[in-house]
1. So, in segment 96-105, exactly how many residues are hydroxyl-bearing (Ser, Thr, Tyr) and open to solvent by 80 Å² or more (accessible area, probe 1.4 Å)?
2. Hey, any hits in segment 42-59 for a residue that's in contact with an Asp or Glu (Cβ under 8 Å, 6 or more places away or on another chain), touching a residue at least 12 places away in the same chain (Cβ under 8 Å) and charged (D, E, K, R)?
3. Show the residue pairs that are 6+ apart or on different chains and have beta-carbon atoms under 9 Å apart, the first residue being within segment 83-96 and within 11 Å of Asp65 (Cβ to Cβ) and modelled with pLDDT of 85 or more, the second being open to solvent by 80 Å² or more (accessible area, probe 1.4 Å) and in a strand (DSSP E or B).
4. Test Gly95 against the stated conditions and say whether it is on the phi < 0 side of the Ramachandran plot and over 15 Å from the mean Cα position of the chain (by Cα).
5. Of everything in segment 65-95, what is of a type outside the set (A, V, I, L, M, F, W, C), outside any loop (DSSP other than H, G, I, E, B) and open to solvent by less than 80 Å² (accessible area, probe 1.4 Å)? Give them in sequence order.
6. Quick check: is even one residue across segment 44-55 assigned to a loop (DSSP other than H, G, I, E, B) and closer than 17 Å to Thr98 by Cα?
7. For segment 14-23, how many residues are assigned to a strand (DSSP E or B) and either at pLDDT 85 or above or surrounded by 14 or more Cβ atoms within 10 Å (Cβ to Cβ) (or both)?
8. Is it the case that segment 2-13 has a residue that's open to solvent by less than 80 Å² (accessible area, probe 1.4 Å), assigned to a strand (DSSP E or B) and at pLDDT 90 or above?
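The values are calculated or read from the model by the stated rules, or taken from the named source; none is laboratory data. Remember, predicted model here, so these are calculated numbers, not experimental data. Ideal geometry is used to build each Cβ from the backbone, glycine not excepted, and the neighbour counts take in all protein chains shown. Each accessible area value is taken on the protein alone, full model and side chains, heavy atoms only, with ligands, DNA and RNA left out. Shrake-Rupley method; radii C 1.70, N 1.55, O 1.52, S 1.80 Å.
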Amino acid sequence: MIRAAGIGPLGLVVLACDAAVGAVARVRRATDVRLVGGGGTDMRVGIAVAEATRPVPDVVVVLTDGCTPWPDRPTRARLVVTIIGDRAAAQHAPGWATTVLVPAT
């Protein structure tokens, strides 16, 4: 699935984040993702850690319910904010980020 999206053989780096980054893993399949944490989310922390990784990412994709603080200024990497569920939460995403709404099922 990840390779079908054009991602190279090294896969993606996935960071699980709430108030701190709890797990960092390189994954090749969606089933490899392990999420830890839960509550008190501060995406500023996760985004800062993502931008500090090497090689520096071109894009940082955030999956969230949107109930989080955001960076005050544009990030070095393109930021794609994926809000899952609440349309109202999408209004709080940074205006300089690309925001995608995924309705809850």
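1. Let us first name the residues in segment 96-105 that are hydroxyl-bearing (Ser, Thr, Tyr), namely 98-99, 105.
Of the ones still in play, those that are also open to solvent by 80 Å² or more (accessible area, probe 1.4 Å) are 105.
Number satisfying all stated conditions: 1.
2. Of segment 42-59, the ones in contact with an Asp or Glu (Cβ under 8 Å, 6 or more places away or on another chain) are 42, 57.
Pick out the ones that are also touching a residue at least 12 places away in the same chain (Cβ under 8 Å) and you get 42, 57.
Now narrow it down to the ones that are charged (D, E, K, R): 42.
Yes, segment 42-59 contains a residue that is in contact with an Asp or Glu (Cβ under 8 Å, 6 or more places away or on another chain), touching a residue at least 12 places away in the same chain (Cβ under 8 Å) and charged (D, E, K, R).
3. Every condition considered, the pairs that remain are Ile83/Leu63; Ile84/Leu63; Ile84/Pro103; Gly85/Pro103.
4. Values: on the phi < 0 side of the Ramachandran plot: yes; over 15 Å from the mean Cα position of the chain (by Cα): yes.
Here the answer is yes, as Gly95 does meet what is asked.
5. Filtering segment 65-95 down to residues of a type outside the set (A, V, I, L, M, F, W, C) leaves 65-66, 68-69, 71-76, 78, 82, 85-87, 91-92, 94-95.
Narrowing further to those that are outside any loop (DSSP other than H, G, I, E, B): 78, 82, 85, 87.
Answer for segment 65-95, where residues must be of a type outside the set (A, V, I, L, M, F, W, C), outside any loop (DSSP other than H, G, I, E, B) and open to solvent by less than 80 Å² (accessible area, probe 1.4 Å): Thr82, Gly85.
6. The initial filter retains those residues of segment 44-55 that are assigned to a loop (DSSP other than H, G, I, E, B), namely 53-55.
Applying the additional criterion that residues be closer than 17 Å to Thr98 by Cα yields none.
Within segment 44-55 (the criterion being assigned to a loop (DSSP other than H, G, I, E, B) and closer than 17 Å to Thr98 by Cα), the answer is no, since none of the residues qualifies.
7. First pass over segment 14-23, keeping only residues assigned to a strand (DSSP E or B): 14-17, 21-23.
Pick out the ones that are also either at pLDDT 85 or above or surrounded by 14 or more Cβ atoms within 10 Å (Cβ to Cβ) (or both) and you get 14-17, 21-22.
Residues flagged as assigned to a strand (DSSP E or B) and either at pLDDT 85 or above or surrounded by 14 or more Cβ atoms within 10 Å (Cβ to Cβ) (or both) within segment 14-23 amount to 6.
8. No - not one qualifying residue is present in segment 2-13.
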